[in-house]
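Asks: Right, I'll just put the structure down here and ask away after.
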Amino acid sequence: MALVHKLLNGTYIFRKCPKPRVVFCPFWGTHFADYCSSSFQKPVAAPGKATSQRKTKWNLEEHHQREVALEITSPEDKPEISFDKAIKEEMKGHFRHLKDDIVNYWIGPEGRPLHEVLMEQAKVVWQFRSKEDLDKWTVTSDKAIGGRSEVFLKMGRNNQSALLYGTLSSEAPQDGESGRSGYCAMVSKIPRGPFEMKRSYDWSHFNTLYLRVRGDGRPWMVNIREDTDIIQRKDQMYSYFMFTRGGPYWQEVKIPFSKFFFSNQGRIRDAQYQLPLDKISSIGFTLADKVDGPFFLEIDFIGIFTDPAHTEEFAYENSPELNPRLFK
């Protein structure tokens, strides 16, 4: 439309100005000027009809120019798009976060004095009170491999919890490759620092995972991943079961970290290793009980605490660290 507007304005200007018959141009020559001059000339009309035709043509052009002017945005109203400015603002933000991290590092872990961190007995890591809290999580299902399960995540009643719901289907995809299907999961996003550097959680001062949930009676798998850059360890995780009671009442789930067993690519390994609590990357919840139908899981918060009554270091004997003679 902007091109039409320019052409109309150009036509009006040429109509007002005298039209030279011959103009020399070093690129196009004199014939181009004759063509332009003749193309903008008005056709000769009869004397009686000239006035009426001129009025009709002027009314049509004025109406069309008014429509074009309504559609074209004025240069003052157009938003300014500057990639240099956007890059500068992004870099300023990253350097600002880097400065805050350096200051917090000298103050203590997480920007708090060291004695407060050592004396801390309980801590809420994730809670769900706004949509910004939901943005820290992602949901996935067997649709990624052609399955039919569906999963959704939204805020609960009164914005005081997160509601994970959907439909589980164990029907295998008809692709000739996958023989099993039927899972839905909710996984926390990896925390990022300045310049998109990966961060990890340090839970070495705690020994128990603490959750307040409300479910429909289905068993869930709680999965914890460690922070690693080794490709061979990308599919490794530490898992344990969480059984929901169902009904309208909330339940408090406490899972000692010593109970989490080691698995790789979904298979429990013979050699079990302890969960490295000083470099936790993410936590997730997986439903794969092979019971087709709707499900839901409502989560109030996810935290960690120190249970003085729990003194167990590791619950499994087949560990190379505890029993090296079993793996000779």
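The values are calculated or read from the model by the stated rules, or taken from the named source; none is laboratory data. All values reported here derive from a predicted model rather than from experimental measurement. Methodologically, a virtual Cβ is constructed for each residue, glycine included, from the backbone with ideal geometry; neighbour enumeration extends over all protein chains shown. Areas reflect the complete protein model, heavy atoms only, side chains present, ligands, DNA and RNA absent. Shrake-Rupley method; radii C 1.70, N 1.55, O 1.52, S 1.80 Å.
Asks: From the residues in segment 287-328 that are touching a residue at least 40 places away in the same chain (Cβ under 8 Å) and aliphatic (A, V, I, L, M), which one is most open to solvent (accessible area, probe 1.4 Å)?
Replies: So the residue we want is Val291.
Asks: While we're here: Restricting to segment 144-170, give me the number of residues that are assigned to a loop (DSSP other than H, G, I, E, B) and touching a residue at least 60 places away in the same chain (Cβ under 8 Å).
Replies: Residues meeting the conditions: 5.
Asks: Being touching a helix residue (DSSP H, G or I) at 6+ places or on another chain (Cβ under 7 Å), assigned by the TED database to the domain that holds Tyr240 and on the phi < 0 side of the Ramachandran plot: is that true of Met155 here?
Replies: So Met155 fits the description; yes.
Asks: Could you please tell me which pairs satisfy a Cβ distance under 8 Å, a separation of 6+ or placement on different chains, a first residue in segment 238-267 that is not assigned by the TED database to the domain that holds Leu163 and in a loop (DSSP other than H, G, I, E, B), and a second residue that is open to solvent by less than 20 Å² (accessible area, probe 1.4 Å) and of a type in the set (Asp, Glu)?
Replies: Partner pairs satisfying both residue conditions: none exist.
Asks: Quick one: in segment 218-237, of everything that is in a loop (DSSP other than H, G, I, E, B) and free of Cβ contacts under 8 Å to residues at least 12 places away in the same chain, which residue is most open to solvent (accessible area, probe 1.4 Å)?
Replies: Asp229
Asks: Let me ask something else about it. For Ile283, state whether it is within 23 Å of Asp142 (Cα to Cα) and either at pLDDT 95 or above or of a type outside the set (D, E, K, R) (or both).
Replies: yes
Asks: Out of Gly284, Gly215, Gly247, I need the residue that is surrounded by fewer than 19 Cβ atoms within 10 Å (Cβ to Cβ) and more than 20 Å from Glu313 (Cα to Cα). Which one?
Replies: It is Gly247.
Asks: For residues that are in a loop (DSSP other than H, G, I, E, B) and either farther than 20 Å from Leu98 by Cβ or among the aliphatic types (A, V, I, L, M) (or both), tally how many sit in segment 185-209.
Replies: Of the residues in that region, 8 qualify.
Asks: Still on this model: Considering only residues that are out of contact with any Leu (no Cβ under 9 Å at 6 or more places or on another chain) and among the acidic types (Asp, Glu), look in segment 150-205 and name the one that is most open to solvent (accessible area, probe 1.4 Å).
Replies: The extreme case among them is Glu177.
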